[in-house]
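Take a look at the structure set out below.
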């Protein structure tokens, strides 16, 4: 395929995407971003993340988000997270504050994972 044929193919595909977006915009809202309505302050973002991680959150996805997240940070061995509890703005015994706490109270070995999100960096303490 020469360059003209390639560019023609790309143009046709882009045109198909544009037409599809127009056709389905009312149903799918492909340009809509609900995060544009909120201010990106730390507490608000932590609450959004905590709600997504919470197996009992109103997203109705159970522990899917939490299990996927734990896999991303190297804790994928923790499966069946349906009993996990998620809290925000947690103060530890030494008065250190963390943005998000995930704890598993019903396990033999009670375990908590604390997350602190500062300047776009997520740190984790097991």
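The values are calculated or read from the model by the stated rules, or taken from the named source; none is laboratory data. A quick note: this is a predicted structure, and the numbers were derived from the prediction, not measured. Every residue, glycine as well, gets a Cβ built from its backbone with ideal geometry; the counts of neighbours run over all protein chains shown.
A few notes on this one:
- Of the strands (runs of 3 or more DSSP E) lying entirely inside the range 84-126, those containing at least 3 residues that are modelled with pLDDT of 70 or more and in the same structural domain as residue 44 (by TED's automatic domain parsing) span 85-91, 97-104, 111-118.
- Checked against the criterion of being part of a loop (DSSP other than H, G, I, E, B) and loosely packed, with under 14 Cβ neighbours inside 10 Å, the candidates 31, 22 yield just one match: 31.
- Any hit, the range 57-64, residues being in the same structural domain as residue 115 (by TED's automatic domain parsing), loosely packed, with under 13 Cβ neighbours inside 10 Å, over 13 Å from the mean Cα position of the chain (by Cα) and modelled with pLDDT under 85: no
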